[in-house]
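Student: Okay, handing you the structure first.
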Amino acid sequence: MEKLFKTVSFMSATLVMVLLASIFFSLFHTAKPAIEEYGFGFIKEKAWDEEVPIENDIAATPVKKEEPKAAVSSDDDDLASMLAGNTSDVPTKTVYGGLIPIVGTLLSTLIAMIFALPIAMGIAVFLAEIAPKQISNIVGIAIELLAAIPSIIFGMWGLFYFAPIVQSFVGGYQVSLLTAGLVLGVMILPFMAAITRDSMRTTPDVLKESAYALGATKFEVIKDIIFPYSKAGIIGSVILALGRALGETMAVAFLIGSVFSLPTSLTSPTVSIPVAMANSFGEATGMKTSALFYLAFLLFIISFAVISIAKFYFLRKDNK
Amino acid sequence: MRLLVNKIVLLLSTLSALIGLSFLAWILFTLIGKGLSSLHFSLFLNDLIDGGLRNLIVGQFIMAGIASLIGVPIGMLAGIYLQEYGSGKYVRFIRDLSDIMMSAPSIVIGAFVYAIVVVPMHGTSGIAGSIALAIMMIPIVINTTDNMLSLVPKELREAGIALGASKYRVILDIIIKAAKVGIMTGLLLAFARIIGETAPLLFTSETSNYFSVDLKEAYPSLTVSIYALANDPTSSSRDLAWAASFILTMLVLIINLLGRYITRKKG
C-alpha cells in the first residue's frame, strides 16, 4: 500500500512533465503542415487568408515543389474561390502569415504594460508601506478580488463602458489597439500589484528601521532600501504579468476588433494571436487550422520563455 | 524639499490605490446595475433556447465539477510527492514546470485539448471541456498543496513515524489534516478560477442552447454563451449576457470570499 501510494503520487507529479511535453508536441504536430509550408517566413508574412498567384517562373524550383502540397492542403479554399467566380487563369494559393497577430499581441501587451506598471507599483507601495495594516488588508483583498473577476467580464465592461470613454478622449474606433491594451492593463493591474507587494514585503524590517533611524523619509526608504532589496522580485513579478498579458484572450477579444490588418495608428483595430484563435478556429479547416496552430505554438514558446525568465532568473525561490 | 518629494510620492501612491479600487467599483456597479435589471427568477428555470440560463449554469458547474474530480486528486498527489517523497533536482524541475504550466495561456490549453480530444472524437464535447479545465486546475492545486504542506512542522511527521505508522498513513492522517484549512482554501480558489474560464472552452465544449447530460456532445457553457450573447446585436441577448455575467461574477467573488473567510476563522 505504501509503495502504491508513493508510485501513484510520483506518477501524478510526472504527469505535469508529460502534459507540458504533449502540449508542445501536439501543437507542433498539428502546426506542421503550416511550418513546412511557410517556415520561419511565417512571422514576417503579412497576408492572412489571402489569395496570391503562384509564380510559375522558370527559376522557381522550390515553388514547384510546393505546388502539389498547396493544392492538396488548401483544397477547400481553392474550391471556394473557384465557386466564387474566380475565373482568372493564374493559379492561386491561399497564404497565411503571422505578422499581423504577432504585432497585435506585442503592441497590445506593450500598451497594457505602460498603463499598468506605474499604477501597480503605486498600489504595491501603498499596500506594503503606506497604508495602516487594517486598511492595507481591506484594500489588499479588494485588489485580489479584482484579480479574481473572470476575464470575459473585463472584456464586456471594456467594450460597453470603458471604450466609449476612451474614444471620447482620443477619437478613432471604439474597438482598437489602444482600448484593447488599456483594458488588458486594467486586467493585469491587480495581479502585478499583488505579487509586487509580496516581493516588497520580503525586505527585512531591520533594514528599513535603520534607514528611518538615520532620518530617511518614507520615499527615501522605498527608493533606496526596498526597491534595491526586492529588485529581482519586482522585475520577476512584472515579467510574470507580461506573460499573462501576452496570452490573455477574452479581455482582448471584445476590444481589439479582430481585423487582420496592421494597425496604422493606436486607435485602429487589429488582431492578436489568442483572439485570432478564438474567432477563426470554428470555421477553420486544412491549412488555416494548421496556421492557427502555428500561431498557438509560437505563443506557447514565447510565453514559456517569458515565464521561465521570470521564474528562474528573478524569482528563484531558495528551496528550504 | 525632501519632505515635499516624499509627500508627493506618497500621494501618488495612494492615488494609484484609489484608481485600482475605482476600477473594481466601476466594474461591480456596472454588473449590478445592468445585471440586476435583467435578472429574473425565470432565468433559472428556463434553458437558453427559451431565453433562460438554467442549462448554461448547470453545464458550467458540471464541467468545472468533473474537472475538479480529475484535477484535485492528481494535483494533491503531485503536491504530496513534491513535499513528502521526492527530493533534489527532480522535485525542483517538476515544481518549475508546474509553475510554468500555471501561467500558460489558457487558449493554448484549449488548442491542445482540441488536438488530442476534439479531433479524435469528431466534435466538441463536455468531456473535452472538462479535460481542458482539469489541465488548468492541476498546477494550481499542486502549488497550493505544495505550499500548505511545507508549513506543517517537521515534528508532526516525526511523531507519526515514531508511533510506527507507515509513511502514507502519516501523510493522510496527520499531515493532510494539519494542512486541511489551507488546502481547502486553495481548492476553493482553484475552483473559482476555472469556473470563470472561457478561452479553454471555446473550441472544446463550445456551448449549447439545450439542457444536456450527454457529455459526448457540445455542452452548455455559461462563459462561452456570454461571449456569443454579448456579440449579438439584439438588446435582449445583451441583457441576457449581462445577467449571466452578474451571476458568474457573484459566484466567483463569493467562492473567493468564502475561501478567505475559512482561512481567517480557522487559520
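Student: Quick query: amide H of A:W48 versus all other amide H atoms, modeled in the peptide plane; which residues come in under 5 Å with a sequence gap of 5 or more or a different chain?
Tutor: Amide H neighbours of A:W48, under 5 Å, 5+ apart: A:G97.
Student: Relative to the Cα centre, what is the charge dipole magnitude of the stretch B:39-266, using +1 at the beta carbon of each Lys and Arg, -1 at the beta carbon of each Asp and Glu, and rounding to the nearest 20 debye? Present the calculation step by step, with values, prior to reporting the outcome.
Tutor: Numbers: 17 positive and 15 negative charges, 210 e Å.
Dipole size: approximately 1020 debye.
Student: Rounded to the nearest 10 Å², what accessible area does B:L187 show when all protein chains are kept and the probe is 1.4 Å?
Tutor: About 30 Å², rounded to the nearest 10.
Student: Tell me the accessible surface of B:R92 in square angstrom (1.4 angstrom probe, heavy atoms of protein chains only), to the nearest ten.
Tutor: 110
Student: Tell me, how many Å apart are the Cα centres for the stretch B:41-81 and for the stretch A:204-225?
Tutor: Using only Cα atoms to place each centre, the spacing works out to 50 Å.
Student: State, as an integer percentage, the relative contact order of the stretch A:111-229 based on alpha-carbon contacts under 8 Å between residues 6 or more apart.
Tutor: That works out to 39 percent.
Student: So for the protein assembly as shown, considering every pair of alpha-carbon atoms, how many percent are separated by more than 33 Å?
Tutor: The calculated P(r) of the protein assembly as shown puts 48 percent of pairs beyond 33 Å.
Student: Sticking with this structure for a sec: What FRET efficiency do you get for A:D224 and B:F61 if R0 is 51 Å and r is their Cβ-Cβ distance, rounded to the nearest 0.05?
Tutor: Details: r = 51 Å, r/R0 = 1.01.
Efficiency at R0 = 51 Å is approximately 0.50.
Student: How much net charge surrounds A:G185 when only other residues with a Cβ under 13 Å from its Cβ are counted (Lys, Arg +1; Asp, Glu -1)? Write down the numbers at each step before the final one.
Tutor: Numbers: positive: A:R244; negative: A:E248.
Taking every Cβ under 13 Å from that of A:G185, the sum is 0.
Student: Return the average number of partner chain Cβ atoms within 10 angstrom of each residue Cβ along peptide B:28-37.
Tutor: For peptide B:28-37, the averaged partner shielding equals 2.
Student: Further question on the same structure: Give me, ordered by chain and number, the residues 5 or more places off A:K93 or on other chains with an amide H under 5 Å from its own placed amide H.
Tutor: Amide H neighbours of A:K93, under 5 Å, 5+ apart: A:V52, A:I54.
Student: What number comes out for the charge environment of A:I100, summing +1 per Lys or Arg and -1 per Asp or Glu over other residues with Cβ under 14 Å away?
Tutor: Value of the local net charge: -1.
Student: Compare the peptides B:218-230, A:33-45 by average per-residue count of other Cβ atoms within 10 angstrom and give them in order, highest first. Walk me through the numbers on the way to the answer.
Tutor: Working: B:218-230: 25.5, A:33-45: 16.1.
Averaged packing, sorted descending, gives the order B:218-230, A:33-45.
Student: For the stretch B:65-79, in order, what is each residue's ³J(HN,Hα) by Karplus, 6.51 cos²θ - 1.76 cosθ + 1.60 with θ = phi - 60°, in whole Hz (x at glycine and Pro)?
Tutor: Going residue by residue, I get x, 5, 4, 5, 4, 7, x, 5, x, 4, x, 5, 4, 5, x Hz, with x marking Gly and Pro.
Student: How high is the relative contact order of chain B, given as a whole-number percent (alpha carbon pairs under 8 Å, six or more residues apart)?
Tutor: About 27 percent, as a whole number.
Student: May I pose another question? With runs of 4+ DSSP H residues as the only contributors, calculate the mean residue ellipticity of the protein assembly as shown at 222 nm using -39,500 (n - 2.57) per run, divided by the residue total and rounded to the nearest 500.
Tutor: It lands at -22000 deg cm²/dmol.
Student: Residue separation times 0.36 nm, minus the C-alpha to C-alpha distance between B:N46 and B:L258: what's the value?
Tutor: 73.5 nm
Student: For A:I43 paired with A:T264, estimate the spin-label separation in nm (one decimal), with each label point 7 Å from Cα along the Cα-to-Cβ line.
Tutor: Going from the A:I43 label point to the A:T264 one covers 2.8 nm.
Student: Using Cα centres only, tell me the gap between the stretch B:128-186 and the stretch A:146-160 in whole Å.
Tutor: About 33 Å separates the Cα centre of the stretch B:128-186 from the one of the stretch A:146-160.
Student: Quote the relative contact order of chain A in percent (integer), defining contacts as alpha-carbon pairs under 8 Å separated by 6+ residues.
Tutor: 25
Student: Report Rg (one decimal) and Dmax (nearest whole number) for the stretch B:28-161, counting Cα atoms only, units Å.
Tutor: When restricted to the Cα atoms of the stretch B:28-161, Rg and Dmax are 20.1, 61 Å.
Student: Next question, about the same structure. How much net charge surrounds B:I80 when only other residues with a Cβ under 10 Å from its Cβ are counted (Lys, Arg +1; Asp, Glu -1)? Display every interim value, and only then the final one.
Tutor: On the way: positive: A:K6; negative: B:E84, B:D146.
Residues near B:I80 contribute -1 overall.
Student: Using amide H atoms built 1.01 Å from N in the peptide plane, name the residues 5+ places from A:S268, or on other chains, whose amide H lies under 5 Å from its own.
Tutor: A:L177, A:L178
Student: Could you run the numbers on buried accessible area between A and B, total for both chains, 1.4 angstrom probe, in Å² to the nearest 100?
Tutor: Result for this pair: about 7300 Å² buried.
Student: Could you please put B:K89, A:K218 in sequence from largest to smallest accessible area, using a 1.4 Å probe? Kindly include the intermediate steps, with their values, before the conclusion.
Tutor: Values: B:K89 175, A:K218 60 Å².
The ordering from most to least exposed comes out as B:K89, A:K218.
Student: Taking a 1.4 Å probe, which of A:F24, A:F160 shows the most accessible area, and what order do the others take after it? The partial results should precede the final answer.
Tutor: Numbers: A:F24 75, A:F160 55 Å².
Greatest to least solvent exposure: A:F24, A:F160.
Student: By the gyration tensor of its Cα atoms, with a ≥ b ≥ c the square roots of the eigenvalues, what is the shape of the stretch A:235-292: rounded for a/c under 1.5, prolate for a/b over b/c, or oblate?
Tutor: Taking the square roots of the gyration eigenvalues as a ≥ b ≥ c, the stretch A:235-292 is oblate.
Student: For peptide A:1-10, what's the mean number of Cβ atoms from other chains within 10 Å of each residue's Cβ? List each step's numbers first, then the result.
Tutor: Working: counts 3, 5, 1, 1, 11, 9, 2, 7, 14, 8.
The mean count of partner-chain Cβ atoms within 10 Å per residue comes to 6.
Student: For the stretch A:99-314, how big is the tail of P(r) above 22 Å, as a whole percent of Cα pairs? Can you show the working numbers first?
Tutor: Details: 12713 of 23220 pairs.
Counting pairs separated by more than 22 Å, the tail of P(r) holds 55 percent.
Student: A further question follows. Accessible surface of B:R260 in the full protein assembly, 1.4 angstrom probe, to the nearest 10 Å²?
Tutor: 60
Student: Assuming R0 = 56 Å, what is the FRET efficiency of B:L21 and A:V52, from their Cβ-Cβ distance, to the nearest 0.05?
Tutor: Taking R0 as 56 Å, the efficiency between B:L21 and A:V52 is 0.60.
Student: A follow-up question, please. Throw me the Rg/Rh for chain B, computed over C-alpha atoms with Kirkwood Rh, two decimals.
Tutor: Rg/Rh: 1.06.
Student: Counting only protein heavy atoms and a 1.4 Å probe, tell me what percentage of the protein assembly as shown's accessible area is made up of carbon and sulfur.
Tutor: The computed percentage sits at 67.
Student: Please list 3J(HN,Hα) in residue order for the stretch B:173-182, calculated via the Karplus relation 6.51 cos²θ - 1.76 cosθ + 1.60 where θ = phi - 60°; whole Hz, with x for glycine and proline.
Tutor: 3J(HN,Hα) across the stretch B:173-182, in whole Hz: 8, 10, 5, 4, 4, 5, 9, 3, 4, x.
Student: Let me ask something else about it. Sorted by accessible area (1.4 Å probe), largest first, how do B:T185, B:T14 line up?
Tutor: Highest to lowest solvent-accessible surface, that is B:T14, B:T185.
The values are calculated or read from the model by the stated rules, or taken from the named source; none is laboratory data. These numbers come from a predicted model, not from an experiment. Cβ coordinates were reconstructed from backbone atoms using ideal geometry, including for glycine residues, and neighbour counts include every protein chain displayed. Remember, those area values only see protein heavy atoms, side chains included, never the ligands or the DNA or RNA. Shrake-Rupley method; radii C 1.70, N 1.55, O 1.52, S 1.80 Å.
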